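Structure record follows, encoded as structure tokens.
The values are calculated or read from the model by the stated rules, or taken from the named source; none is laboratory data. Keep in mind that this is a model prediction, so the values were computed, not measured. Note that we place each Cβ from the backbone using ideal geometry, even for glycine, and neighbour counts take in every protein chain shown.
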């Protein structure tokens, strides 16, 4: 299995992402784009898939990641959605099927964009022709690609992404049990693979410095890793209680922050230093930032629709976590 080269840890404050999360197993967040090495180009072509941002009307067909099945404005910290070059001999990998006739044609037989944990990844019926454009290009989130087995980063950007998409078609995520999983546990002989959103939700240990993951069964091996330390207490402590910030890559114990950990909070989590408003994607204005008690995501009061005059004194849940006490459904 090829080793991955970690991207630079520099951060850019203008990172995108947003979307609705729904089940109690989901979280939301986004961080700053992983940058290429010093002096490198920006890598694969970047294209906006939504001209108005989160929740806005799009003038182009909705794109989705060929690995995690989430859209451009995903809430799970995968960074920007990028268009990658065709894999070598990609037509042979289609197994005789014909690609769509044009870029605007929707992939056949795919369900909704999977911004909910139950929709992360793909069913076992997914085929390669559904995941590639007629040109052989594919759309994959930056983190979904960078963490995948066999993908490498060099001066030109990330390479081997198309091959990772092909491998993901037959690889099931250990957490959600759906296809598209390409991030392996790095413990010797461990067969487990994950989607990027599911890795954090499962409680796996993730190292931003090395782009290595250890599944919950092999957390003990993380003690040997340099970044397996809580920023607050400066020790590894209980590795099962570590939260991974998808923006800066640092770790925090839930107990050190007085946060009761759930899969919903873990997925796409941002530390206090990196937390941004899930609507405007900007930090700051902390005194006007509401933090959801269910997913630990932040929202500026003035970014709410309608805007809220002040911070509520009681506990608060965002619209993605709020449930009707009678029917158990989310408000429309």
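Looking at residue 112, is it modelled with pLDDT under 90, under 17 Å from residue 72 (Cβ atoms) and surrounded by fewer than 23 Cβ atoms within 10 Å (Cβ to Cβ)?
In short, yes.
Quick check: is even one residue across the stretch 225-232 in contact (Cβ under 8 Å) with a residue 60 or more places away in the chain, crowded, with 18+ Cβ neighbours inside 10 Å and within 21 Å of the chain's Cα centre (by Cα)?
no
Being under 15 Å from the mean Cα position of the chain (by Cα) and part of a helix (DSSP H, G or I) is the filter; apply it to the stretch 142-182 and report the residue that is nearest to residue 211 (Cα to Cα).
By that ranking, first place goes to 146.
Given the conditions (1) modelled with pLDDT of 85 or more; (2) surrounded by fewer than 17 Cβ atoms within 10 Å (Cβ to Cβ); (3) outside any helix (DSSP H, G or I), report the number of the one that residue 302 does not fulfil.
Of (1) modelled with pLDDT of 85 or more; (2) surrounded by fewer than 17 Cβ atoms within 10 Å (Cβ to Cβ); (3) outside any helix (DSSP H, G or I), only one is false for residue 302: (3).
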